[in-house]
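A.B. asks: Structure provided below as structure tokens; questions to follow.
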Amino acid sequence: PGNDFGGFSSSCTCGNRFRPAGDVQITYPPGVKEITDRISNDEVVKRLKMVVKTYMDMDQDSEEEKQQYLSLALHLASEFFLRNPNKDVRLLVACCLADIFRIYAPEAPYTSHDKLKDIFLFITRQLKGLEDTKSPQFNRYFYLLENLAWVKSYNICFELEDCNEIFIQLFKTLFSVINNSHNQKVQMHMMDLMSSIIMEGDGVTQELLDTILINLIPAHKNLNKQAYDLAKTLLKRTVQTIETCIANFFNQVLVMGKSSVSDLSEHVFDLIQELFAIDPMLLTSVMPQLEFKLKSNDGEERLAVVRLLAKLFGAKDSELASQNRPLWQCFLGRFNDIHVPVRLECVKFASHCLMNHPDLARDLTEYLKVRSHDPEEAIRHDVIVTIINAGKKDLNLVNDQLLGFVRERTLDKRWRVRKEAMMGLAQLFKKYCLHHEAGKESAQKISWIKDKLLHIYYQNSIDDKLLVEKIFAQYMVPHSLDTEEKMKCLYYLYACLDTNAVKALNEMWKCQNMLRGLVKELLDLHKLPVSEANNTSMFGKLMSIAKNLPDAGKAQDFMKRFNQVLGEDEKLRVQLEMLISPTCSCKQAEICVREITRKLTFPKQPTNPFLEMVKFLLERIAPVHIDSEAISLQKLIFILQSVLSFTHPTAFHSAETYESLLQCLKMEDDKVAEAAIQIFRNTGQKIETELQQIKSTLIPVLHQKAKRGTPHQAKQAVHCIHAIFNNKEVQLAQIFEPLSRSLNADVPEQLITPLVSLGHISMLAPDQFASPMKSIVANFIVKDLLMNDRSVGNKNGKLWTTDEEVSPEVLAKVQAIKLLVRWLLGMKNNQSKSANSTLRLLSAMLVSEGDLTEQKKISKSDMSRLRLAAGGAIMKLAQEPCYHDIITPEQFQLCGLVINDECYQVRQIFAQKLHLALVKLLLPLEYLAVFALCAKDPVKERRAHARQCLLKNISVRREFIKQNPLAQEKLVSLLPEYVVPYMIHLLAHDPDFTKPLEYEQLKDIKECLWFMLEVLMTKNENNSHAFLRKMVENIKQTKDAQCPEDTKANEKLYIVCDVALFVIANKSTACHLDSPKDPVLPSKFFLVQDKPKAAPVLGAVNKPLTVPGRRIFTKTTPATDTASNTSNSSPLSSSTINKNRQLHSHSHIHTQENRKQSIFRQ
């Protein structure tokens, strides 16, 4: 039905304009025989279908036909049809009647009000057929609904006395049949039908209102989500009309107490919450009634209203507090309610309010202050929970006053409250001070927490002391950290504590050590023969131990029981002795505690107070920070002083301090010496001018470390000389010359430190050492070291081994590669073309899988190390603009493919290096495209890590653009969306993509594209989805700049574009809008064509791809490989890139458009 006809309005009448007089012969449409009860149902259906067709084709202007078929219209409303048992007959009759109302509008041909009522109830019953969308008759049911909605046929019922019965039945039917299989059109017609009844009628009765509101009650809402959505949309559309009816309903229930007016009276608060969420305008007149209820004498009634208003005020986007200040002030008054549950509810509400409405924090602070001193323990406890929860979400949500309330409660008279306050502060400290999740300002804001928590150790309660120890081990210096990180954390904390906190920490360690001594003495007594004196001594030790455990009375009994178990179980004694042994490590301590606990566990006993008490003891005596595996105290001090030397360098500037550091340099412990050099480097800028004696002693030591120290010491020594001495050129030359003369590839063990020193010297002083280094690189590094394999590697087949198992020769080669990179990074120019040669060398290393000489002497694991080094070297050079410009697309692709290496560790380490460089904005944008290849990683954790890296990098770039106005000029290199062209080009040259029309290969391409685009298209900022589509379409109008005349390569590029467009269109419906900007494509990868080509032709033999400068990496391959992705001379054509990336030869492929389309459909 169209809208070119008049519909029924609330003023239409049931006139007699077409009323026939007497018995009139029924006229049927041509070809339709008489329909009576004497024919079969099938025949009735057959004839009715023809009648339906006739009425469907009629319009309001067909006066002659309207008069001709008037008798038939009246006949169709007879009891025979309205009561017919056959549902097909009823459906067809309903469709006819709907069309009759349309054709004869605005006056219906039926004169009897009873008949009209029967007809509309009959039609309403037929609408139940809309429920089954898979029914063959669904289209007819939909036609019926559409017809009724467009014509507003039900509006004729306004003239009927009991029209409300019809409307109620209609609303109930529509709400009951709607389900998730209905499309938007069905919902729209239902909405039009119901909204016209509400908006054009004289009002909404309570019964009719109930049929709408019942769908908002939680029980019904969960049963039929679609009915809830329909009711919500209906209320939004009719808000101006229905608001008065809603206000009347709540007025009668809330103010007048007439709960009998509706079956929904008991759900008024649920309904108010739902209605407020739908549209606050629906409750314009209801809110003042809630203020009246807040002052009710009934405590339970006040509690119910407080719970409701807490949800309304605390909702995320609620503006109720600012729009209705009297109600907000009245609600705040309930914080001081005499009824405890009401006060408790208000305090719980405060947490959500602080998180969702920080602007209301000032209003809440004064009321929370009073409640933090509430006589009820539960309320004081919940005040702390409220503040801490908000602080954990965002520290800026809680002001200093609120944190002060928590601080006060650490001294509360009740243990439960004190514990909550202490644990809450500990969690904030770990989050913002230890992990620095919100920057320096937040850490400074709560820097007092560490001191406050340790001050509590002065309290007399053993419970407080034990909790402080637990907090220290889990939150302040987490025992789960690696030894070195744990020591750094411990030292930094110790250095920042105030005097009283330091004393408390020392006392804590003293108490733990004393308790360990008592347990050791108890175990020693068990080794002695049984005697009265021995038993007396044991009893004394047990009493002393019990004093250091909670609940001394129970502790004594449990310790006696534990002592009895120790006497009977020798294995338990052995475990306990090991736990308190000076040589026990943290890991061993965990095993011991676990074994002792297991022996004392009784499976059938759910709660075991005895076991809990023993656990308290074990936690106090177990070494969790400093153990035999940890570094010595002196080593600890100097390693951790290196941390402070960054932040407080001037504090180290004294002859005494430097003398002690010089002593550390002479120690045998490599870590201590390295830390000492680091401290000199950070703090020694004035040594040369003010401490000549220190200088004269330090220089020879640094020279010695640079020549014969560990690689780390050598690096630090070179940097230290460069940082603190004015005559650095002379000093570095005295190191450089003897090292350069002593290089000997036959003794690789002695090469590593010299290579490290030479590399860092050439990087720090390029003007002085770049030229002499060139001959070293050419004659020794490349020719003698990298291009020769002197030893035979282990042939165990492993792809990775530990650092200790890597051969010295390979370690030297890895350092040689790093030296090349440092040398080039120091020069920062390519005038001598050294960078081109280096890049070709690194590419050759990747093509040969790490075996540059191809003599097959090197082991698999060593090859993995060299591939990782080569890939990392290219990535490092790409961070320097002058070298990034000369890296060819082939070399970029080789570097990127390392992320798909066959060795898990290579993929893992390379991905981490890539992420760190990208997140610091050091690498060009195209390297972000490499993460798309991670979609092919067989390990789920690697794919998840890559996705997190993508999210972080995209977030960093978007934030950088927002924070830096000048970045708008460099959007091509910063905007994350510009990674798409690089990704498409990279995937088009993927060595696995050999057969462009093969389903499995296209599926891999789609997964890689989706991996990137799914993250990029999370939001459609600035119409970015259309921008992406436009960008991909533009690529299809270009040629592959890497091989512009190679039709096969161009075909693959266009196919990847097609898949990308497919992914974008499926992800977003907004991508078809006009793009706000015209994308810029990188000319290094795409060549703009003069005339866009249509579908490229497949099967052409590729032109050779070579690295600029010379042809290298040539591989002999079977003749059948001529149709493969790259030529035999291309680095990407090698069948040895990775074992899991073998290229399979394939025959000539012809263009088959129909097959291509079928593949995309799959």
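A.B. asks: Tell me, please, whether a residue that is hydroxyl-bearing (Ser, Thr, Tyr), surrounded by fewer than 20 Cβ atoms within 10 Å (Cβ to Cβ) and at pLDDT below 90 can be found in region 438-449.
C.D. replies: Yes - at least one qualifying residue is present in region 438-449.
A.B. asks: Could you check how many residues of region 679-696 are touching a helix residue (DSSP H, G or I) at 6+ places or on another chain (Cβ under 6 Å), part of a helix (DSSP H, G or I) and surrounded by fewer than 17 Cβ atoms within 10 Å (Cβ to Cβ)?
C.D. replies: Final tally of qualifying residues: 2.
A.B. asks: Please work out which one of (1) open to solvent by 40 Å² or more (accessible area, probe 1.4 Å); (2) under 12 Å from residue 213 (Cβ atoms); (3) in a helix (DSSP H, G or I) is the condition residue 263 fails and give its number.
C.D. replies: For residue 263, the exception is condition (3).
A.B. asks: List every residue pair whose Cβ atoms lie under 9 Å apart, where the two residues are 6 or more positions apart in sequence or sit on different chains, the first residue falls within region 500-511 and is under 16 Å from residue 477 (Cβ atoms) and in contact (Cβ under 8 Å) with a residue 12 or more places away in the chain, and the second residue, located anywhere, is assigned to a helix (DSSP H, G or I) and of a type in the set (D, E, K, R).
C.D. replies: Going by the 9 Å Cβ cut-off, the qualifying pairs are 501/450; 501/451; 501/452; 504/451; 508/465; 508/469.
A.B. asks: What's the number of the condition residue 767 fails, among (1) within 48 Å of the chain's Cα centre (by Cα); (2) modelled with pLDDT of 90 or more; (3) under 30 Å from residue 836 (Cβ atoms); (4) open to solvent by 10 Å² or more (accessible area, probe 1.4 Å)?
C.D. replies: So the condition that residue 767 fails would be (2).
A.B. asks: For a quick check of your reading of the model, give me the residue pairs whose first member lies in region 390-402 and is assigned to a helix (DSSP H, G or I), whose second is β-branched (Val, Ile, Thr) and open to solvent by less than 20 Å² (accessible area, probe 1.4 Å), with beta-carbon atoms closer than 6 Å and at least 6 apart or on different chains.
C.D. replies: Listed by first residue and then by second, the contacts come to 390/398; 391/398; 401/365; 402/387.
A.B. asks: Criterion first (surrounded by fewer than 23 Cβ atoms within 10 Å (Cβ to Cβ) and more than 28 Å from residue 775 (Cα to Cα)) does residue 860 satisfy it? Give the derivation first.
C.D. replies: Working: surrounded by fewer than 23 Cβ atoms within 10 Å (Cβ to Cβ): yes; more than 28 Å from residue 775 (Cα to Cα): yes.
Spelling it out, residue 860 is indeed surrounded by fewer than 23 Cβ atoms within 10 Å (Cβ to Cβ) and more than 28 Å from residue 775 (Cα to Cα).
Conditions tested, residue by residue: (1) surrounded by 19 or more Cβ atoms within 10 Å (Cβ to Cβ); (2) within 26 Å of residue 152 (Cβ to Cβ); (3) among the β-branched types (Val, Ile, Thr); (4) modelled with pLDDT under 85.
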position	(1), (2), (3), (4)
39	no, no, yes, no
66	yes, yes, no, yes
78	no, yes, no, no
88	no, no, no, no
92	yes, yes, no, no
102	yes, yes, no, no
107	no, yes, no, yes
113	no, yes, no, no
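A.B. asks: Could we say that residue 1074 is under 26 Å from residue 952 (Cβ atoms) and open to solvent by 50 Å² or more (accessible area, probe 1.4 Å) here? It would help to see each step written out before you state the result.
C.D. replies: Details: under 26 Å from residue 952 (Cβ atoms): no; open to solvent by 50 Å² or more (accessible area, probe 1.4 Å): yes.
No; evaluated as a whole, the condition is false for this residue.
A.B. asks: What's the total number of residues in region 567-587 that are open to solvent by 50 Å² or more (accessible area, probe 1.4 Å) and either among the hydroxyl-bearing types (Ser, Thr, Tyr) or without any contact (Cβ under 8 Å) to a residue 24 or more places away in the chain (or both)?
C.D. replies: Matching residues across region 567-587 total 5.
A.B. asks: I need every pair where a residue in region 787-816 that is without any contact (Cβ under 8 Å) to a residue 60 or more places away in the chain and of a type in the set (S, T, N, Q) has its Cβ under 8 Å from the Cβ of a residue that is open to solvent by less than 60 Å² (accessible area, probe 1.4 Å) and assigned to a loop (DSSP other than H, G, I, E, B), sequence separation at least 6 or different chains.
C.D. replies: 807/791; 807/793; 807/859
A.B. asks: Answer yes or no as to whether residue 382 is within 30 Å of residue 430 (Cβ to Cβ), open to solvent by less than 80 Å² (accessible area, probe 1.4 Å) and in a loop (DSSP other than H, G, I, E, B). It would help to see each step written out before you state the result.
C.D. replies: Numbers: within 30 Å of residue 430 (Cβ to Cβ): yes; open to solvent by less than 80 Å² (accessible area, probe 1.4 Å): yes; in a loop (DSSP other than H, G, I, E, B): no.
So residue 382 fails the test.
A.B. asks: What residue, among those in region 952-995 that are modelled with pLDDT of 85 or more and over 23 Å from residue 1018 (Cα atoms), is surrounded by the most Cβ atoms within 10 Å (Cβ to Cβ)?
C.D. replies: This residue is 989.
A.B. asks: Here is a list of conditions, (1) open to solvent by less than 80 Å² (accessible area, probe 1.4 Å); (2) closer than 21 Å to residue 454 by Cα, and residue 547 meets all of them except one; can you say which number that is?
C.D. replies: (1)
A.B. asks: Hey, could you check region 473-499 for residues that are without any contact (Cβ under 8 Å) to a residue 40 or more places away in the chain and within 30 Å of the chain's Cα centre (by Cα) and say which is least open to solvent (accessible area, probe 1.4 Å)?
C.D. replies: Checked region 473-499; the qualifying residue least open to solvent (accessible area, probe 1.4 Å) is 481.
A.B. asks: Would you be able to tell me the number of residues in region 492-541 that are of a type in the set (A, V, I, L, M), part of a helix (DSSP H, G or I) and either in contact with a Gly (Cβ under 8 Å, 6 or more places away or on another chain) or under 19 Å from residue 570 (Cβ atoms) (or both)?
C.D. replies: Count: 5.
A.B. asks: While we're here: List the pairs whose first member sits in region 277-290 and is farther than 12 Å from residue 244 by Cβ and outside any helix (DSSP H, G or I), whose second member is among the charged types (D, E, K, R) and open to solvent by 10 Å² or more (accessible area, probe 1.4 Å), and whose Cβ atoms are under 6 Å apart, counting only residues at least 6 apart or on separate chains?
C.D. replies: Here the result reads 279/236, each pair linking region 277-290 to a residue that is among the charged types (D, E, K, R) and open to solvent by 10 Å² or more (accessible area, probe 1.4 Å).
A.B. asks: Being aliphatic (A, V, I, L, M) and within 40 Å of the chain's Cα centre (by Cα) is the filter; apply it to region 622-634 and report the residue that is modelled with the highest pLDDT.
C.D. replies: Residue satisfying both the conditions and the ranking: 622.
A.B. asks: Go through region 198-217 residue by residue and tally those that are in contact with a helix residue (DSSP H, G or I) (Cβ under 7 Å, 6 or more places away or on another chain), open to solvent by 10 Å² or more (accessible area, probe 1.4 Å) and either closer than 17 Å to residue 152 by Cβ or of a type in the set (Phe, Trp, Tyr) (or both).
C.D. replies: 4
A.B. asks: Here is a follow-up. In the set 142, 171, which member is modelled with pLDDT of 90 or more, part of a helix (DSSP H, G or I) and open to solvent by 10 Å² or more (accessible area, probe 1.4 Å)?
C.D. replies: Unique residue meeting the criteria: 142.
The values are calculated or read from the model by the stated rules, or taken from the named source; none is laboratory data. Everything numeric here is computed off the predicted structure, so don't read it as measured data. Heads up, the Cβs are rebuilt from the backbone with ideal geometry, glycines too, and the neighbour counts pull from every protein chain shown. To get the accessible areas, we keep the full protein, side chains included, count just its heavy atoms, and leave off ligands, DNA and RNA. Shrake-Rupley method; radii C 1.70, N 1.55, O 1.52, S 1.80 Å.
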